[in-house]
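Colleague: Handing you a structure now.
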Amino acid sequence: MRVPTYFFQSLESIYYFRMRVPTDLQPIFKRIELKKSLRTKSKTLALRRCRQYVAAAEQVFESLRLSHFKAELTGTSPTGQLVDLTALEKLDSHRTIRDREKELWNAVFKAADSATSNNDPLPAPNSAPEPAPALPYSPILPVQQVSQRIPLSELIRLYITEVTDQRGQVIAKGIENNLLRFMEIVTDKPINQYSVEDKLQYRDVLQAMPKCINRKEYQGMSIDDIVNMERPADELLSIKTVNMRLIDVATLFNWAVNNAVIESHPFKKAVLKIQKSDDAERPAVSDADIKVIIENLPRSQAEPSRYWVPLLACFTGMRQSEIAQLDGDDIVDMNGTWCIDINDRGDKRLKNNNAKRIGPLHPVLLEAGLIPFAEHRRGLKLFEDVKPYNGKYGHQVSKFFSKYMASIGVKGSGQTFHGLRHSVITKFWSAGIPEAHTAAVVGHQRGERESYTRYAKKTDLKPLLAAIEAIDYGNIKLTAWSSE
């Protein structure tokens, strides 16, 4: 046991026990941690008592989870006869919250006290006027027995509860979908039964899996049928995506190890080596294809995003979500220079802090009529036709752009919306634009040195305007938005 986690000494030299209540059990305990004086200044004695409390607390935590899980499996309410323990039954009685809290408090500390020798008695908590019935206490189960009793499906449920608390519902949902897909491939079984063979099977299936497995054409098909279909390599998951999903599974099992549910797992070192260089992994869109994209942009008053979003991407290097979520007020005049203010105000989200920036507008965007268009959208979203999906604005844009590229005959593995961003960065590189200026325009970290990251003036637009003007795709015939 790591002493600093559960064991500390007060200013009066009295030792205390402190242990965090797991996130999923905090609503039951009505507290986020267990804390109790060990009533001694002796480190040796305090450490022995502390270990007893830790063992008792972990037994109660496991018992509560298992009883709740059994109730869910059988469809029986927590007061039903199929639940072995009485903790959840007590929670459904007409006791006060304080009474319920005392019962669970005593369930931990009385169990540990009962294991203490007569020569070393521990006093009961002073806050309880009379002792409440303790949970049935039995010797702590070895890790091997615990892992035999908890299936993967239950582990995922407990883990996602904590991830949702820490990282939010949107991120947690994506992780949960990946873990449920893993369970679908290797089946649901006790978590100590997963082996290296399961890791290899999951990795092999991922490498044969299409990028968009939720398409209608795959509905009703098994995973085996889907992965056995022949398809070109550019329709398969990228190595980076495969590795991210392998990491999601490894992180789940690491969490189980850290919570003493299993001792180890076979998903370490599961990621694949990426053979391609970064520039080959995400190629830029060619000037010829960008010319076709821009000259064929649809001009629909009902769907202005179909015109403006690709055009903005070609001449700013912004990410699709950054463009799609813009407000009319984000087109600003900075001392005579028209700019885009990329921020996370309101319901907007950015990838990281570096993504917050102000970038000058390219002359082509000004000629296309962006300023008068934005003036009519002050106080509103810049693109009224773009609706958020799960709190994100890029989803709808991505679907349109894929169909648009196919309709104009622009195809290939690198011809994606993100490829437009790479095209802009390539233009900067070809023109000899300093890396710090490129980073300031596209929202990357400016540099490793503090002089760039901390002290450089982010409102100095002259070098950024020079970078923007380096974006040149040759002679392009663009019909302005205001023209009929």
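Colleague: Every residue in the range 395-415 that is open to solvent by less than 60 Å² (accessible area, probe 1.4 Å), within 28 Å of the chain's Cα centre (by Cα) and not hydrophobic (A, V, I, L, M, F, W, C), please.
Modeller: Correct list: SER398, GLY414, GLN415.
Colleague: Moving on to the next point. Consider TYR389 carefully, then state whether it is open to solvent by 40 Å² or more (accessible area, probe 1.4 Å), under 30 Å from the mean Cα position of the chain (by Cα) and either closer than 18 Å to SER321 by Cβ or of a type in the set (Lys, Arg) (or both). If you could, list the steps in order and put the result at the bottom.
Modeller: Numbers: open to solvent by 40 Å² or more (accessible area, probe 1.4 Å): yes; under 30 Å from the mean Cα position of the chain (by Cα): yes; either closer than 18 Å to SER321 by Cβ or of a type in the set (Lys, Arg) (or both): yes.
When the stated conditions are applied, TYR389 passes them.
Colleague: Let me spell it out: the conditions are (1) open to solvent by 50 Å² or more (accessible area, probe 1.4 Å); (2) farther than 30 Å from ALA55 by Cα; (3) under 16 Å from the mean Cα position of the chain (by Cα), and ARG167 meets all of them except one. Which number is the exception?
Modeller: Checking ARG167 against (1) open to solvent by 50 Å² or more (accessible area, probe 1.4 Å); (2) farther than 30 Å from ALA55 by Cα; (3) under 16 Å from the mean Cα position of the chain (by Cα), the one that fails is (2).
Colleague: Can you tell me how many residues in the range 426-463 are modelled with pLDDT of 70 or more, in contact with a Ser or Thr (Cβ under 9 Å, 6 or more places away or on another chain) and open to solvent by less than 50 Å² (accessible area, probe 1.4 Å)?
Modeller: Selection size over the range 426-463: 4.
Colleague: Then there's this: Out of all the residues in the range 218-240, is one or more of a type in the set (Asp, Glu), surrounded by fewer than 19 Cβ atoms within 10 Å (Cβ to Cβ), touching a residue at least 12 places away in the same chain (Cβ under 8 Å) and farther than 29 Å from GLN59 by Cβ?
Modeller: yes
Colleague: Of all residues in the range 19-40 being more than 17 Å from THR161 (Cβ to Cβ) and in contact with a strand residue (DSSP E or B) (Cβ under 7 Å, 6 or more places away or on another chain), which is modelled with the highest pLDDT?
Modeller: THR40
Colleague: Continuing with this model, one more query. Which of the residues spanning the range 390-401 are in contact (Cβ under 8 Å) with a residue 12 or more places away in the chain, not in a loop (DSSP other than H, G, I, E, B) and not charged (D, E, K, R)?
Modeller: Residues of the range 390-401 in contact (Cβ under 8 Å) with a residue 12 or more places away in the chain: 390-394, 396-398, 400-401.
Imposing the further condition that a residue be not in a loop (DSSP other than H, G, I, E, B) reduces the set to 392, 394, 396-398, 400-401.
Listed by number, the residues that qualify are GLY394, GLN396, VAL397, SER398, PHE400, PHE401.
Colleague: Considering the range 31-49 alone, what residues qualify as being in a strand (DSSP E or B), within 15 Å of SER10 (Cβ to Cβ) and open to solvent by less than 70 Å² (accessible area, probe 1.4 Å)?
Modeller: LYS36, SER37
Colleague: Here is a further query. Out of the range 1-18, which residues are at pLDDT below 80, open to solvent by less than 90 Å² (accessible area, probe 1.4 Å) and under 20 Å from ALA260 (Cα atoms)?
Modeller: Result: VAL3, THR5, TYR6, PHE7.
Colleague: Quickly run through the range 353-363 and pick out the residues that are loosely packed, with under 15 Cβ neighbours inside 10 Å and either polar (S, T, N, Q) or in contact with a strand residue (DSSP E or B) (Cβ under 6 Å, 6 or more places away or on another chain) (or both).
Modeller: Once the filter is applied, which keeps residues that are loosely packed, with under 15 Cβ neighbours inside 10 Å and either polar (S, T, N, Q) or in contact with a strand residue (DSSP E or B) (Cβ under 6 Å, 6 or more places away or on another chain) (or both), the range 353-363 yields only ASN353.
Colleague: Any chance the range 329-338 includes a residue that's of a type outside the set (A, V, I, L, M, F, W, C), surrounded by fewer than 20 Cβ atoms within 10 Å (Cβ to Cβ), touching a Pro at 6+ places or on another chain (Cβ under 7 Å) and touching a residue at least 24 places away in the same chain (Cβ under 8 Å)?
Modeller: Taking every residue of the range 329-338 in turn, at least one turns out to be of a type outside the set (A, V, I, L, M, F, W, C), surrounded by fewer than 20 Cβ atoms within 10 Å (Cβ to Cβ), touching a Pro at 6+ places or on another chain (Cβ under 7 Å) and touching a residue at least 24 places away in the same chain (Cβ under 8 Å).
Colleague: Next up: Could you say which residue among LEU366, LEU350, LEU382 is open to solvent by 50 Å² or more (accessible area, probe 1.4 Å), within 28 Å of HIS437 (Cα to Cα) and among the hydrophobic types (A, V, I, L, M, F, W, C)?
Modeller: So the residue among LEU366, LEU350, LEU382 that is open to solvent by 50 Å² or more (accessible area, probe 1.4 Å), within 28 Å of HIS437 (Cα to Cα) and among the hydrophobic types (A, V, I, L, M, F, W, C) is LEU366.
Colleague: Among the residues of the range 154-164, write down those that are surrounded by fewer than 19 Cβ atoms within 10 Å (Cβ to Cβ) and of a type in the set (D, E, K, R).
Modeller: ARG157, GLU162 - these are the residues of the range 154-164 that are surrounded by fewer than 19 Cβ atoms within 10 Å (Cβ to Cβ) and of a type in the set (D, E, K, R).
Colleague: So which of ILE408, ILE331 is aliphatic (A, V, I, L, M) and more than 21 Å from LYS462 (Cα to Cα)?
Modeller: Exactly one residue qualifies, and that residue is ILE408.
Colleague: Of all residues in the range 248-305 being closer than 24 Å to GLY174 by Cβ, acidic (Asp, Glu) and modelled with pLDDT under 80, which is least open to solvent (accessible area, probe 1.4 Å)?
Modeller: Only one residue fits best here, namely GLU281.
Colleague: List the residue pairs whose Cβ atoms are under 6 Å apart, where the first residue sits in the range 370-389 and is of a type in the set (S, T, N, Q) and in a loop (DSSP other than H, G, I, E, B), the second is open to solvent by less than 40 Å² (accessible area, probe 1.4 Å) and modelled with pLDDT under 95, and the two are 6 or more positions apart or on different chains.
Modeller: Taking only residues 6 or more apart or on different chains, not a single pair turns up.
The values are calculated or read from the model by the stated rules, or taken from the named source; none is laboratory data. Just so you know, these numbers come straight off a predicted model, no measurement behind them. Using ideal geometry, Cβ is built from the backbone for each residue, glycine included, and neighbour counts are taken over all protein chains shown. In case anyone asks, the SASA skips ligands and DNA or RNA and just uses the protein heavy atoms, side chains included. Shrake-Rupley method; radii C 1.70, N 1.55, O 1.52, S 1.80 Å.
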